[in-house]
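Since the structure comes first, as structure tokens, the remarks are kept for the end.
The values are calculated or read from the model by the stated rules, or taken from the named source; none is laboratory data. Bear in mind the structure is a predicted one, so any value in this text is a computation, not a measurement. For neighbour counting, all protein chains shown are included, and Cβ atoms are generated from backbone atoms with ideal geometry for every residue, glycine included. The accessibility values were calculated without ligands, DNA or RNA, using every heavy atom of the protein model including side chains. Shrake-Rupley method; radii C 1.70, N 1.55, O 1.52, S 1.80 Å.
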Amino acid sequence: MKNSRNNELSDRRSAAADAKAALLNAYRSAKETAEPTRLAKQAERVAVAAAREERRAERERLKLEERERAQAVEAERQAAAEAAQRADIEARETAEKERIARVIADEAARKAARDLRYANRKARKS
């Protein structure tokens with residue numbers, strides 16, 4: 001038999017209270033001895049978190065700079081495309097105006113030649 005003596009309720013209660021007190025004291029002493037290690041680990045975690053935040057901020061800054069650079073390049077490309085388009089439109093308008101001027105000049109020359117033929121024919125008849 002393990003526990004052959006007859007324990008009273010008060011004996012069992014005091015034994016349980018003593019065991020609880022011993023566990024509490026062991027916890028407190030372990031906590032006190034681990035305090036410097038815990039503080040060092042906590043400081044290390046804070047430093048790691050700060051470094052992580054700094055790297056994240058740097059990545060965000062680089063992304064923002066890259067986005068701004070890409071927008072500037074896109075704006076320059078767009079401006080160059082618009083300038084090329086305007087130059088193309090102006091060249092087409094100029095060519096169209098020149099073509100119209102040539103057509104008008106040709107019509108005027110044909111009319112002058114026709115009028116000359118009519119005048120020559122009329123001069124021959126009279």
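Listed by chain and number, the lysines placed with their C-alpha closer than 26 angstrom to that of Lys122 are Lys111; residues fewer than eight positions away on the same chain are left out.
Among the protein heavy atoms, those of Lys20 account for about 150 Å² of accessible surface (1.4 Å probe, every chain in place). Shown for the chain: the carbon plus sulfur share of the solvent-accessible area, taken with all protein chains present and a 1.4 angstrom probe, equals 56%.
How much net charge surrounds Ala49 when only the other residues with a Cβ under 13 Å from the Cβ of Ala49 are counted, with Lys and Arg +1 and Asp and Glu -1? Charge balance in the 13 Å sphere: +2.
Solvent-accessible surface of the chain, taken per residue with a 1.4 Å probe and all protein chains present: 93 Å². Here are some values of mean projected area of the Cα convex hull in nm²: (i) 21.8; (ii) 14.4; (iii) 6.8. Which one was computed from this structure? Computing mean projected area of the Cα convex hull in nm² and matching it to (i) 21.8; (ii) 14.4; (iii) 6.8 gives (i).
Backbone phi angles across region 60-66, fed through the Karplus curve with coefficients 6.51, -1.76 and 1.60 (θ = phi - 60°), yield HN-Hα couplings of 4, 5, 5, 4, 5, 4, 5 Hz in residue order; Gly and Pro are listed as x.
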